[in-house]
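Written below as structure tokens is the structure these notes are about.
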Amino acid sequence: MSGIPLLQATAAPTRSTTELLDYAYPKSLSWRVRRDLARRVGVPTKNLRVVEAQRQTWNDACLELAAPDEMCAQQLTEGWRIVLAHGQQTWTYHTDAQGRSLRLESADRAITLPRNVVFRSQSSGGFAGQTYETVLFTDGRVQQKITLNAGKNAPVRSWRVTPEKVREFQALLDHEQFQTFNQRTFPATPGAADFFLVRLTSPTGSVEYADIEQEKLPRSLKTIIQAWNSLR
């Protein structure tokens, strides 16, 4: 493989802000998600702001947020992951490409990964709005998808690690108790620029952090990140 890091990439210059927005996202989407959330939580639409907008390929037609007993078509669905904020509180939406379908994450929602996926990282940042998604499968395959500006995809990169490496990484996730970081966020320092926001997901939990703050992360989480980056 090419040696591109799993969790990092060369970032284009970014705005001096902690907001992470892909400016290709439909502006009508901002209005739709803010209106939907305003109705749910009773906060005026004008007081809600979009602080994150990332392209996302969902694994099913339910945008990976199926209700209990809901039947979902197993098809890849292009869309967006939108984070809204009011003061210190945030809410995360999954949408389709145009925002016709909106689903709100609950704080205690179950982590939904395909059965054959061990771990996934997603990183977004840079003025160009590129997104990197890297997935480790149970059979040792690793795939990295890069979404460029305007939604164009670069060729998928693929490589393999040994079954022993997969087992070692799974054991490390258990030993370092990755699930204890579920739903936690480690943001960038206010005013920071030129960084990627990284989302790590396993079958037991999901965590987000700004890559420029990696040295400040808990020791066990840093150990997991280092092991993940070594699988290349």
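Just so it is clear, none of the values below were taken in a lab; they were calculated from the coordinates. These numbers were taken from a predicted model, which means no experiment stands behind them. For neighbour counting, all protein chains shown are included, and Cβ atoms are generated from backbone atoms with ideal geometry for every residue, glycine included.
Here's the list of lysines a cross-link from Lys27 could span, going by alpha-carbon distance under 30 Å and ignoring same-chain residues fewer than 8 apart: Lys46, Lys145, Lys152. Given R₀ = 30 Å, what would the calculated FRET efficiency be for Gln98 paired with Gln143, taking r from the Cβ atoms and rounding to 0.05? So, using R0 = 30 Å, E works out to roughly 0.65. Shown here for region 64-105: GluC sites (Glu not before Pro) in loop regions (DSSP other than H, G, I, E, B) with at most 14 other Cβ atoms within 10 Å, namely Glu70.
Going by average Cβ density within 10 Å per residue, which order do the peptides 113-123, 83-93 take, highest to lowest?
Values: 113-123: 17.7, 83-93: 15.8.
My ranking of the peptides, most packed first, is 113-123, 83-93.
Only aspartates and glutamates eight or more places from Lys165 in sequence, or on another chain, were considered; those with a Cα closer than 19 Å are Asp139, Asp174, Glu176. Computed packing ranks the peptides 40-46, 133-139 as 133-139, 40-46, most packed first, by mean other Cβ atoms within 10 Å.
Shown here is the pair-distance distribution of region 173-216: with all Cα-Cα distances grouped in 5 Å bins from zero up to the longest one, the shares run 5, 23, 28, 21, 14, 6, 3, 0 percent.
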